[in-house]
Amino acid sequence: MTLLTLDQVQRALPANLKNSATQQLVDNLNNIASDPILAEQLRENFISYTSVLREGRFKTEDYLNAVMYVSFKLMGDSNQDAYFKTFPQRYQMLIAKGASSKDISAYVSAYNKGKLVNLILEQSLVPTHVLNAHVFQQAINTQVELMTDPDVSPKVRSDAANSLLTHLKKPEAKAELNINVGEQSGMNELRSALERLARQQQDSISGGHATVVDIAESKIIEGESKEVV
C-alpha cells in the first residue's frame, strides 16, 4: 500500500490551492478507508482528477468528498449508496430527523448534479472505442467466420468480406505540402550589397561629394545585357 506524502499532494494541487495541502489532509487521505484496496483507489483518484480544481473555486475538502462519491459510483454503487458512503454522518442525521425517502432522494440528486462532481465524472470517462475494444474484436471474428463459412450464401460471405476490407484497411496517408521559404545565400548577398551601398551613399552625402538628388538619380548597376544560350 502506497501512502501519500505532503510533497506529492502539494505538487498535485493547482497553485492557488497548494497552501491548503496540510499534513492533516495527507493523514486523512492515508486513512481514508479501512479497506486497503479501496483506500489506494481513492488516493489515486484524488491525485488524478486535481485538474478540475482549475475550473472553479472549490475547497480541498469538497474536492475530496466529490472524489470519494465519484469513486464509489465507478465501483458500481447507486447515487444514493455512494452518497451515504461519502457522507455517513449526514445520512445518520437525515434518518434521525425523520427525513422521507423523497427528501433524501432530492438531496442525493442535487449533489449528483453539482458542478464539481460532474467535472470529476467527465475526467473519469473512458472513450467509447477503448471501452468497447473487445466488442470490436468480436465483430471482426464474426465477420471472418461468415466470410469463411461455406454453408452461408455467397452474398453473406461477400458482405462480410467487404465489411472487413472497409474497417481493417490501412489508413490513407495524408499528403502534406511543406513550403519552406528560407533565406538563401543569394538573398543574403543582395542584402549585404544594399547595406554597403547605403553606407557609401551616406558617406558621400556627409562628405560633400554628392547631394541627395545625385544619389536619387544615380544608377545602381551599369552594364550591358547579353543573351545567354
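The values are calculated or read from the model by the stated rules, or taken from the named source; none is laboratory data. Everything numeric in this text was worked out from a predicted model, so none of it was measured. Ideal geometry is used to build each Cβ from the backbone, glycine not excepted, and the neighbour counts take in all protein chains shown.
Within region 9-27, the residues that satisfy the criterion of being part of a helix (DSSP H, G or I) and in contact with a helix residue (DSSP H, G or I) (Cβ under 7 Å, 6 or more places away or on another chain) are VAL9, GLN10, ALA12, LEU17, LYS18, SER20, GLN23, LEU25, VAL26.
Would you check if SER51 is out of contact with any Ser or Thr (no Cβ under 7 Å at 6 or more places or on another chain), in a helix (DSSP H, G or I) and either aliphatic (A, V, I, L, M) or at pLDDT below 90 (or both)?
Numbers: out of contact with any Ser or Thr (no Cβ under 7 Å at 6 or more places or on another chain): yes; in a helix (DSSP H, G or I): yes; either aliphatic (A, V, I, L, M) or at pLDDT below 90 (or both): yes.
Against the criterion (out of contact with any Ser or Thr (no Cβ under 7 Å at 6 or more places or on another chain), in a helix (DSSP H, G or I) and either aliphatic (A, V, I, L, M) or at pLDDT below 90 (or both)), SER51 qualifies.
Only one residue in SER158, SER192, SER185 is at pLDDT 80 or above and either surrounded by fewer than 11 Cβ atoms within 10 Å (Cβ to Cβ) or not aromatic (Phe, Trp, Tyr) (or both). Which one?
Details: SER192 fails: at pLDDT 80 or above; SER185 fails: at pLDDT 80 or above.
It is SER158.
Restricting the first member to region 81-93 and to residues that are in the same structural domain as ILE104 (by TED's automatic domain parsing), and the second to residues that are assigned to a loop (DSSP other than H, G, I, E, B) and of a type in the set (Gly, Ala, Ser), the beta-carbon pairs closer than 9 Å and six or more apart or on different chains are MET93/ALA99.
Restricting attention to region 36-52, the residues that are surrounded by 21 or more Cβ atoms within 10 Å (Cβ to Cβ) and farther than 17 Å from TYR111 by Cβ add up to 2.
Within region 100-118, track down each residue that is of a type outside the set (Val, Ile, Thr), surrounded by 11 or more Cβ atoms within 10 Å (Cβ to Cβ) and either touching an Asp or Glu at 6+ places or on another chain (Cβ under 8 Å) or part of a helix (DSSP H, G or I) (or both). Once the filter is applied, which keeps residues that are of a type outside the set (Val, Ile, Thr), surrounded by 11 or more Cβ atoms within 10 Å (Cβ to Cβ) and either touching an Asp or Glu at 6+ places or on another chain (Cβ under 8 Å) or part of a helix (DSSP H, G or I) (or both), region 100-118 yields ASP103, SER105, ALA106, TYR107, SER109, TYR111, ASN112, LYS115, LEU116, ASN118.
Residues checked against (1) exposed (fewer than 14 other Cβ atoms within 10 Å of the Cβ); (2) among the hydroxyl-bearing types (Ser, Thr, Tyr):
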| position | (1), (2) |
| --- | --- |
| ASN30 | no, no |
| SER34 | yes, yes |
| VAL67 | no, no |
| VAL70 | no, no |
| SER78 | yes, yes |
| LYS85 | no, no |
| GLN89 | yes, no |
| GLY98 | yes, no |
